[in-house]
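Here the structure comes first, spelled out in structure tokens, and everything after it is commentary.
The values are calculated or read from the model by the stated rules, or taken from the named source; none is laboratory data. The structure displayed is predicted, hence computed values, not measured ones. Backbone-built Cβ (ideal geometry, glycine too); neighbour counts: all protein chains shown.
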Amino acid sequence: MSHHIVEVRDLLHVYPDGTTGIDGISLRIIHGESVAVIGPNGAGKSTLLHHLNGFLIPTSGSVRIGDLPLTRKTLPEARRTVGMIFQDPDDQLFMPTIYDDVAFGPNNMGIPADEVDRRAIDALSRMGIEHLRDKPPYRLSSGEKRRAAIATVLSMMPDILVLDEPTTGLDPFARRQLIGILKEFTHTKIIATHDLDLVVDICERTIVLHDGSVKADGPTLEIFKDDALLTECHLERPLSMQGCPVCAKRV
């Protein structure tokens, strides 16, 4: 598989009501990169991510995963490569128990039962939710559902992780735990998020979307030091880069 692991060319998506979700986006993400996709609400972040494993079909343009053009025919293989964690965990939790949800993906990949069990238990353990394995999804809090949804993707051991607002609903401990897991994942990571401090911690590259187009693409710290760009795109510096307002008043 090519080291140019994700390539998007002139991607356009127009929704049935005529709304343009993304408008002519082109980008290339190489193997092992950690890339943030940021922007205000409605910028096109989720629309872009949903094209990366075929949940949305382009109006025009193309998506390539490695050497594989993403089409309806190649969709099963692409989804084995790209693990997608949705913004709403209820979109990923549908089985009677959390264990069943986490084991669902490996089972459908035809993996032997003992390996499925090992993967499921490992993913539950990594997310700190082994004790929830026999609970139905509807009995979980929003943060627990988030952790379970992430476990469903970790159990599939994808080459690429695509995460849409992964820290939403997580308490500080679970958020820090997730950051640790993402740092351990040495393959490609693409993260759409409003959690800009997460971006600083995880992603060396940041893509800024605005009105469905790429407004900037570059090193994360350079992006966050460009106050004119951030203002134009209705963004702010991460809290860790803003300094302490209390200390500033004492100077």
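Numbers at a glance
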| item | result |
| --- | --- |
| Output for the range 174-188, where each listed residue is surrounded by 21 or more Cβ atoms within 10 Å (Cβ to Cβ) and either under 11 Å from the mean Cα position of the chain (by Cα) or among the polar types (S, T, N, Q) (or both) | THR188 |
| Checking ASP211 against (1) over 15 Å from the mean Cα position of the chain (by Cα); (2) on the phi < 0 side of the Ramachandran plot; (3) at pLDDT below 95, the condition it does not meet | (2) |
| Flag if THR220 is buried (at least 21 other Cβ atoms within 10 Å of the Cβ) and out of contact with any helix residue (DSSP H, G or I) (no Cβ under 9 Å at 6 or more places or on another chain) | no |
| Within the range 91-105, considering residues that are charged (D, E, K, R) and surrounded by 14 or more Cβ atoms within 10 Å (Cβ to Cβ), the one farthest from the chain's Cα centre (by Cα) | ASP100 |
| Segments classed as strands (runs of 3 or more DSSP E), wholly inside the range 1-96, with at least 1 members that are among the polar types (S, T, N, Q) and without any contact (Cβ under 8 Å) to a residue 60 or more places away in the chain | 60-65 |
| Residue match in the range 64-83 (condition: under 18 Å from MET157 (Cα atoms), crowded, with 19+ Cβ neighbours inside 10 Å and acidic (Asp, Glu)) | no |
| Residue in the range 106-127 that is under 23 Å from SER46 (Cα atoms) and buried (at least 17 other Cβ atoms within 10 Å of the Cβ) present | no |
